Structures are given as C-alpha cells and as structure tokens.
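Novice: Encoded as structure tokens, here's the structure I'll be asking about.
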Number of protein chains: 2
Amino acid sequence: MYVILVYDMDKRRVGKMLKLCRQYLNWIQNSVFEGAITEVKLKELIAEAKLMMDEETDSLIIFKSREEHWLEKEVVGREKNELDNLL
Amino acid sequence: MYVILVYDMDKRRVGKMLKLCRQYLNWIQNSVFEGAITEVKLKELIAEAKLMMDEETDSLIIFKSREEHWLEKEVVGREKNELDNLL
C-alpha cells in the first residue's frame with residue numbers, strides 16, 4: 001500500500017510527531033510524508049500517533065492508494081529531500 | 001482528475017496561496033487541499049501559484065489520481081470542514 005500522510009498538530013507536539021512519522025515514511029514537505037507501508041505498520045503508526053495527539057484540536061489525514069503508480073506527483077519549487085539528508 | 005495539494009510557503013505569502021487554492025479545491029487541513037479538477041484548471045492554478053512563490057524556498061506538491069476511488073482517506077482527530085464553513 002502507498003500512502004500520503006499529512007498532520008496539523010499543536011507546536012508542542014509537532015516534533016514528536018515528525019520523529020514518529022519518519023520512522024515509517026519519507027518526509028517530503030513540512031508536515032507531509034509519503035511511502036510504501038503495510039497495513040499492519042500503518043495501524044501501528046496510527047495507534048502511536050493517537051497516543052500523542054489531542055484529537056479535539058490536532059489532525060492527521062492519511063490517503064491510501066493500493067498502487068503507487070496510481071498517483072502521479074508534481075513538485076513546484078523546493079524539494080525537501082536535499083534538506084532532509086542534512087538533518 | 002482528483003488531486004491532493006500541499007504547500008509550504010513563507011508566512012508572508014501563505015494567505016495569498018490559501019486564497020488561491022480555495023478557488024479551485026477543498027481545504028481539508030492547514031496547508032492541504034483536495035478535490036476534483038480538470039487538467040486545464042490545474043495548469044491555471046499552478047501558473048498562478050508560481051507567480052506568488054519563491055521557488056528557491058517555497059514548495060508546492062500535487063498528487064494526481066485519475067480516479068477519486070483509487071484513494072481512500074482516513075482522518076484521525078479534528079476535521080477541518082467544520083471550521084472551514086465558518087470562515
């Protein structure tokens with residue numbers, strides 16, 4: 001399965017969430033991740049995310065696609081990966 | 001065509017970008033939009049976005065899917081639409 005994950009968290013929790021998501025997916029922009037992941041691993045990621053979220057105010061959205069080639073990506077402007085490698 | 005659009009812009013330009021994207025797509029989270037759009041309209045949106053972006057520092061990523069049902073969406077926590085209607 002191929003997923004795009006986006007989150008909108010309170011500043012106090014955003015660092016933890018970034019760290020968690022980077023364990024499972026590729027960081028491609030500010031609060032956006034993508035990558036191939038199994039159903040089991042995705043459930044694990046969501047369960048861990050829920051533990052650190054305030055579900056009243058924070059938001060996590062996951063778009064799932066069965067096949068990566070069903071999604072075409074177009075990037076305008078800066079590409080995150082150059083930066084990501086430095087962190 | 002169905003798209004997910006995410007941007008990461010300098011604070012000074014973020015309001016303009018939000019306004020532009022809301023003319024074409026549905027706002028679902030902080031800097032994330034989704035919706036059905038034609039190829040022509042998407043080109044128009046990207047051209048207008050480029051005019052206001054600094055392509056060295058700002059980033060705009062668009063994921064395109066030919067069919068909406070190829071993408072399944074899961075939301076954890078707050079849903080933006082409640083808020084969006086108030087703005």
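No value in this document is a laboratory result; all are computed from the given coordinates. These numbers come from a predicted model, not from an experiment. Cβ placement follows ideal geometry from the backbone for every residue including glycine, while neighbour counts extend to all protein chains displayed.
Novice: Would you list, by chain and number, the aspartates and glutamates whose Cα falls below 13 Å from the Cα of A:Lys11, excluding same-chain residues fewer than 8 positions away?
Specialist: Within the straight-line cut-off, A:Lys11 pairs with A:Asp54, A:Asp58.
Novice: Where does the charge balance sit around A:Glu55 when Lys and Arg score +1, Asp and Glu -1, over other residues with C-beta under 13 Å from its C-beta?
Specialist: -3
Novice: Oh, and also: Apply the a/c threshold of 1.5 to the C-alpha gyration tensor of the protein assembly as shown and tell me whether it is rounded, prolate or oblate.
Specialist: Here the protein assembly as shown falls in the rounded category.
Novice: Shifting gears a bit: Measuring label to label, 7 Å along Cα→Cβ, what does B:Asn26 give against each other copy in nm, shortest first?
Specialist: Inter-copy label distances (nm, one decimal, shortest first): 2.8.
Novice: Let me ask you something else. Can you give the helix-only mean residue ellipticity at 222 nm for the protein assembly as shown, where every DSSP H stretch with n ≥ 4 adds -39500 (n - 2.57) and the sum goes over all residues, rounded to the nearest 500 deg cm²/dmol?
Specialist: -10500 deg cm²/dmol
Novice: Determine the alpha carbon to alpha carbon distance for each of A:Lys19/A:Lys80; A:Lys19/B:Lys73; B:Lys19/B:Lys50 and list only those over 20 Å.
Specialist: Over 20 Å apart, Cα to Cα: A:Lys19/B:Lys73.
Novice: Tell me, for the rotation carrying A onto B, which chain A residue has the beta-carbon closest to the axis and what that distance is in whole Å.
Specialist: Here the value is A:Trp70, 2.
Novice: In 5 Å bins starting at zero, report the fraction of Cα pairs in chain B per bin as a rounded %.
Specialist: Once binned at 5 Å, the Cα pair distances of chain B give 3, 13, 25, 24, 19, 12, 4, 0.
Novice: If you don't mind, there's one more thing I want to ask. Taking each residue of B:64-70 in turn, how many C-beta atoms of other protein chains fall within 10 Å of its C-beta, and what is the average?
Specialist: Other-chain Cβ atoms within 10 Å of each residue's Cβ, averaged: 3.
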